[in-house]
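Here is the structure we will look at.
Nothing in this text is a laboratory measurement; each read-out follows from the coordinates by a stated rule. Since we're looking at a predicted model, the values are computed, not measured. Cβ atoms come from the backbone with ideal geometry, glycine included; neighbour counts cover every protein chain shown.
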Amino acid sequence: MDLGLIRAYAKPAPRYTSYPTAPNFSNSIGPDHYAGWLAALPAGAHLSLYLHIPFCRELCWYCACNTKAIRRYEPVERYLAALEAEIASISKLLPPRTNVTQIHWGGGSPTILVPAQIERLSAKLHQTFRIDAAAEFAVEADPRGLTEETVRAFASAGVTRVSIGVQDFDPAVQSAINRMQSEETTRTAVERFRGHGVKSVNIDLVYGLPRQSLESLRRTIDKVLLLGPDRIAIFGYAHVPGWAHHQKMINAAEIPGPIDRFAQSQEAVRTVTGAGYTQIGMDHFALPHDSLSAATVRRNFQGYTIDDSDALLGLGASAIGHLSQGYVQNAAAAGDYARRIKENALATVRGFALSPEDRMRARVIERLMCDFSFSSIALQREFGDASARLAKKAAELAGADRDGLVEMTADGFRCTELGRVFVRTLCTQFDSYWRGDDRHSLAI
């Protein structure tokens, strides 16, 4: 590949887990907006719940999530009390017969919870919401320090899928990111969850990490494949020390540059797809039997999903919710979140009210991120004559393309095989709010 092409299209760009993206959210959206949007949901609406647990036993330096390292359990207990209060407040605002079809616990690390806390939080959800018998219940797990009792508690709570973080097995890379985790520790976690009946296992990897090489990444992937996960996610490291301050602990001189990063991403795709996994979007892979391989894929704050619920309700500090009217986000600091819940029942501090134009652009960007293409006919069917503007924009992009990244089809617009590598950069061309922003990671 032309190295100049890589450099030209590898500039920072959003991951587009939402549109507009979170930096465009405004503090003009508050609790009253959220309460009104919840009340406006249709009776019998399908809901997805995301619960954020913002605590870890220690900070991994590569991480850009909202989390805090703790050594005592008193902060967790206080936080869970606020979380339960938020769950109760939101349930009172919902219309009748809402049905929860998706649950996801993320962090931080939900596996920091002790079994009694897992049981308590799960019981609160079941007492408060009507949860579909076939609901998917996913949890993010840190295998370090994971006990048999904790795994048993999650299995008893009904977890159907576990996402296990690995990042890289190379000790030099692990030292550079402050996350020491052996292959044996990871294997034990996988076996424990499977032994307790959790059928679906996802393993998360990261490329572009400090001290990481093509060879170390390949060795890590080979070891992961031996564990036989149903899904593998391989993310590009997002180095954003300007707001993820603990990333300043990483030696930036040891981070692979765009050319090496590109080579790592392509090697990951070749290795994983060569092992029989289907590529889903830009960074997820699934075995043929997995539901992600056989359904229409959507994109939200958890990445790629088959979730087609009417609303995603974010619960906990910094959690983001998505309803038809727009996005809402809770206060980020756990203490501030708890105070707002106590004083006002809801902790919404920012968000975004969507216009019809926003919804149309969101659909185009989502389809590009999921399918690397969009249908002009489907767009016109959903948004009417207004869709002609984006169809025209697509035709202009294709006409001006001299790098072989995009092309028009009989039904719309698509990325070429080469263009798929740079899909995040291409999506910025349909983003009316994009002005360039170095708060995002490199687009490869």
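Quick one: which residues, 5+ away or cross-chain, put their amide H under 5 Å from the amide H of Gly236? H built at 1.01 Å from N.
Answer set, sorted by chain and number: Tyr207.
With a bin width of 20 angstrom, please list the P(r) values of the chain as percents of all Cα-Cα pairs, from the 0 bin to the one holding the largest distance.
24, 60, 15, 0
Around Asp142, which amide H atoms from residues at least 5 apart in sequence, or from another chain, sit under 5 Å from its own amide H, with H modelled in the peptide plane?
Thr111
Suppose each label sits 7 Å from its Cα in the direction of the beta carbon; what would the Glu149-Glu184 distance come out to in nanometres?
2.3
Which order do the peptides 28-37, 53-62, 126-135 take when ranked by the mean count of other beta-carbon atoms within 10 Å per residue, highest first?
Working: 28-37: 17.3, 53-62: 20.2, 126-135: 13.8.
The most tightly packed comes first, giving 53-62, 28-37, 126-135.
With helices defined as uninterrupted DSSP H runs, which ones in the chain have an alpha carbon span along their own long axis of at least 27 Å and mean Kyte-Doolittle hydropathy of at least -1.0? List each step's numbers first, then the result.
Details: long enough: 74-93 (30 Å, 0.25).
TM-like helix candidates: 74-93.
Could you tell me which of Val206, Gly412, Thr21 has its Cα farthest along the dipole of the chain towards the positive end, charges placed at Cβ (Lys, Arg +1; Asp, Glu -1), taken about the Cα centre?
Working it through, the farthest residue towards the positive pole turns out to be Thr21.
Leaving out same-chain residues fewer than 8 places away, which aspartates and glutamates sit with a Cα under 18 Å from that of Lys11?
Asp2, Asp260, Asp283, Asp401, Asp403, Asp431, Asp437, Asp438
Using alpha carbon coordinates only, what is the Rg to Rh ratio of segment 12-116, with Rh defined as the Kirkwood radius? Don't skip to the end; give the middle numbers.
Working: Rg = 16.5 Å, Rh = 16.4 Å.
Rg divided by Rh gives 1.00.
Restricting things to alpha carbons, tell me how big segment 180-328 is in terms of Rg and Dmax, in Å.
That works out to 17.2, 47 Å for Rg and Dmax.
Do the sum for the chain: with -39,500 (n - 2.57) for every DSSP H run of n ≥ 4, divided by all residues, what is the mean residue ellipticity at 222 nm, to the nearest 500 deg cm²/dmol? List each step's numbers first, then the result.
Numbers: 16 runs with 171 residues, N = 444.
About -11500 deg cm²/dmol.
Using the 10 angstrom Cβ neighbour count as an exposure proxy, how do Glu254, Glu136, Glu343 rank, fewest first?
Details: Glu254 13, Glu136 19, Glu343 9.
Taking fewest neighbouring Cβ atoms as first place, the list is Glu343, Glu254, Glu136.
Take every DSSP beta bridge with both residues inside the chain and express the antiparallel ones as a percent of the total, to the nearest 5.
Working: 28 of 64 bridges.
Counting DSSP beta bridges with both partners in the chain, the antiparallel share is about 45 percent.
Hey, any idea what Rg/Rh is for segment 94-239, computing Rh the Kirkwood way over Cα pairs? Intermediate results must be reported in sequence, preceding the final value.
Numbers: Rg = 16.6 Å, Rh = 16.3 Å.
Taking Rh as the inverse mean 1/r over Cα pairs, Rg/Rh reads 1.02.
Tell me, what is the percent relative contact order of segment 319-378, built from C-alpha pairs under 8 Å that lie six or more residues apart?
The value is 27 percent.
I'm checking a number: the convex hull volume of the Cα atoms of segment 356-433, normalised per residue, in Å³. What is it?
On the way: hull volume 6.4 nm³, N = 78.
Per-residue hull volume (Cα only) is 82 Å³.
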